[in-house]
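Chemist: There's a structure below that I have some questions on.
The values are calculated or read from the model by the stated rules, or taken from the named source; none is laboratory data. The shown structure was predicted, so the numbers you read here are calculated from the model rather than taken from an experiment. We place every Cβ from the backbone using ideal geometry, glycine too, and count neighbours over all the protein chains shown.
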Amino acid sequence: MYTSFFGLSEKPFSLIPESESIYFSSQHLEAYNMLEFGLLEQVGITVITGEVGAGKTTLLRHLLSRTNYDSLTVGLISTPHESYGTLLSWIINAFRIPFSSNEEGMLLRTLQDFLVDEYAKGKRTLVIVDEAQNMTKLDLESLRLLTNINADKMQLLQVILVGQPELLEMFYDPSMSQLAQRVSAEYRLGPLNKLETMSYIYYRLEAVGGSPEIFEVSATLAIYYYSGGIPRIINTLCDGCLVAAFGLGLKVIDLSIVLKVVQWKQIGGIHRPGIESDPAREQVREEVITQNKIDLLKVVN
């Protein structure tokens, strides 16, 4: 709708994870390196956690799009939930393994045979679980037991778990100590800081042929404040700002447009409970107040 108005080749702030237009902050690069380590090395379990919308799935898709599958077989589970079956059925479906019975013992034998066959072909086998915080403790314990399957002292099934902070909390449970000890690599992905948020906005604009000057500095500061540095919420705000500016016939997005969008959007995480002010966000608020005589806190009240 607004792309031609702003001279863009496509929408720059899609809410759908895009592996090709990924922005690597220092944290995202570290998380990606940890994922790559878990993918390429013979390690047990890799765990990546982060807030909703922090960019975990985008990193995962970027990794998978650049993986050499000649010596690696990968199964991706994106909806782990008990209403969709058992852990074994998830894994077997993820690897597209033909099976003749839903009986757990037969499913386990089918998976074991598959892992041994892949090993005989000289291929490592990796299962990735996205949104892993939806797994139960019983699922996680079952997954730990599956990592015991080995041949010639080689672990036949590697695991990468990607999920929200609740997943990390599950590992703190004393009953999960054996699973926690199997974790070889881990990373907790945090939000973008102020400069990273501004760079992220400019990067996404330039990736589709746009100019960074579309967003005034005060607008990007306000977007950082209200988004808390969460990429998905940054996308929600920026996309809303482009729509609003287009409707008003304005080529530049200033602070007033951001404030309008914040007031309009009651859904989308901007007004989510529990978004606390950290010192960096508070400093930005004071900066905006000083420059524009507008208190951001009053906008949402």
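Chemist: Taking only region 156-172 into account, find how many residues are surrounded by fewer than 20 Cβ atoms within 10 Å (Cβ to Cβ) and touching a residue at least 40 places away in the same chain (Cβ under 8 Å).
Modeler: Qualifying residue count, region 156-172: 4.
Chemist: May I ask you to list the residues in region 69-95 that are of a type in the set (Ser, Thr, Tyr) and at pLDDT below 90?
Modeler: So in region 69-95, the residues of a type in the set (Ser, Thr, Tyr) come out as 69, 71, 73, 78-79, 83-84, 86, 89.
Of everything in region 69-95, those that are of a type in the set (Ser, Thr, Tyr) and at pLDDT below 90 turn out to be Tyr69, Ser71, Ser78, Thr79, Ser83, Tyr84, Thr86, Ser89.
Chemist: Helices (runs of 4 or more DSSP H) wholly in region 147-233 with at least 3 residues that are touching a strand residue (DSSP E or B) at 6+ places or on another chain (Cβ under 7 Å) - which ones? Let's see the steps before the verdict.
Modeler: Numbers: elements: 165-172, 177-180, 194-207, 217-227.
Counting at least 3 such residues, we get 165-172.
Chemist: Applying the selection to region 120-131, what residues are without any contact (Cβ under 8 Å) to a residue 60 or more places away in the chain and among the aliphatic types (A, V, I, L, M)?
Modeler: Passing the criteria: Ala120, Val127, Val129.
Chemist: Tally up the residues in region 1-39 that are in a helix (DSSP H, G or I) and among the acidic types (Asp, Glu), please. Before the answer, list the steps.
Modeler: Of the residues in region 1-39, the ones in a helix (DSSP H, G or I) are 26-39.
Right, trim to among the acidic types (Asp, Glu) and you get 30, 36.
Final tally of qualifying residues: 2.
Chemist: Right, something else. How about region 157-184: which of its residues are under 18 Å from Leu76 (Cβ atoms) and either modelled with pLDDT under 90 or among the aromatic types (Phe, Trp, Tyr) (or both)?
Modeler: First pass over region 157-184, keeping only residues under 18 Å from Leu76 (Cβ atoms): 157-164, 167.
Result: no residue meets the conditions.
Chemist: Could you list all residues from region 173-209 that are touching a residue at least 60 places away in the same chain (Cβ under 8 Å) and over 22 Å from Val129 (Cα atoms)?
Modeler: The initial filter retains those residues of region 173-209 that are touching a residue at least 60 places away in the same chain (Cβ under 8 Å), namely 179, 182-194, 196, 199-200, 203-205, 207-209.
Correct list: Leu192, Asn193, Lys194, Glu196, Ser199, Tyr200, Tyr203, Arg204, Leu205, Ala207, Val208, Gly209.
Chemist: Do the conditions hold for Leu108, that is, is it part of a helix (DSSP H, G or I) and over 19 Å from Ala132 (Cβ atoms)?
Modeler: Judged against the criteria, Leu108 is a match.
Chemist: Identify all residues within region 68-84 that are exposed (fewer than 15 other Cβ atoms within 10 Å of the Cβ) and not in a helix (DSSP H, G or I); write none if there are none. Full working, then the answer.
Modeler: First pass over region 68-84, keeping only residues exposed (fewer than 15 other Cβ atoms within 10 Å of the Cβ): 68-71, 78-79, 81-84.
If the condition is that a residue be exposed (fewer than 15 other Cβ atoms within 10 Å of the Cβ) and not in a helix (DSSP H, G or I), then Asn68, Tyr69, Asp70, Ser71, Ser78, Thr79, His81 are the ones that fit.
Chemist: Could I ask something else about it? Go through (1) under 24 Å from Glu36 (Cβ atoms); (2) modelled with pLDDT under 90 for Phe99 and report which single condition fails.
Modeler: Going through the list (1) under 24 Å from Glu36 (Cβ atoms); (2) modelled with pLDDT under 90, Phe99 breaks only (1).
Chemist: Identify, please: which residue in region 193-217 is hydrophobic (A, V, I, L, M, F, W, C) and under 15 Å from Tyr2 (Cα atoms) and is, among those, modelled with the lowest pLDDT? Steps first, answer last, please.
Modeler: Keep residues of region 193-217 that are hydrophobic (A, V, I, L, M, F, W, C), which gives 195, 198, 201, 205, 207-208, 214-215, 217.
Within this subset, residues satisfying the condition of being under 15 Å from Tyr2 (Cα atoms) are 205, 208, 214-215.
Details: Leu205: 94, Val208: 91, Ile214: 95, Phe215: 96.
So the residue we want is Val208.
Chemist: Which of the residues belonging to region 99-119 are free of Cβ contacts under 8 Å to residues at least 12 places away in the same chain and farther than 17 Å from Gln158 by Cβ? Give the steps one after another, and end with the answer.
Modeler: If we filter region 99-119 for residues that are free of Cβ contacts under 8 Å to residues at least 12 places away in the same chain, which is where we start, we get 99-101, 103, 105-106, 109, 113, 117.
Across region 99-119, the qualifying residues are Phe99, Ser100, Ser101, Glu103, Gly105, Met106, Arg109, Asp113.
Chemist: Going through region 51-67 one residue at a time, which ones are assigned to a loop (DSSP other than H, G, I, E, B) and not acidic (Asp, Glu)?
Modeler: Within region 51-67, the first condition is being assigned to a loop (DSSP other than H, G, I, E, B), and the residues that meet it are 51-55, 66-67.
Result: Val52, Gly53, Ala54, Gly55, Arg66, Thr67.
Chemist: Residue by residue through region 4-25, note down the ones that are free of Cβ contacts under 8 Å to residues at least 24 places away in the same chain and hydroxyl-bearing (Ser, Thr, Tyr). Lay out the reasoning, then the answer.
Modeler: The initial filter retains those residues of region 4-25 that are free of Cβ contacts under 8 Å to residues at least 24 places away in the same chain, namely 4, 16, 24.
Answer for region 4-25, where residues must be free of Cβ contacts under 8 Å to residues at least 24 places away in the same chain and hydroxyl-bearing (Ser, Thr, Tyr): just Ser4.
Chemist: Just give me the residues in region 218-232 being within 18 Å of Glu282 (Cβ to Cβ) and hydrophobic (A, V, I, L, M, F, W, C), in sequence order.
Modeler: Of all residues in region 218-232, those within 18 Å of Glu282 (Cβ to Cβ) come to 218, 220-230.
Hits for region 218-232 are Leu221, Ala222, Ile223, Ile230.
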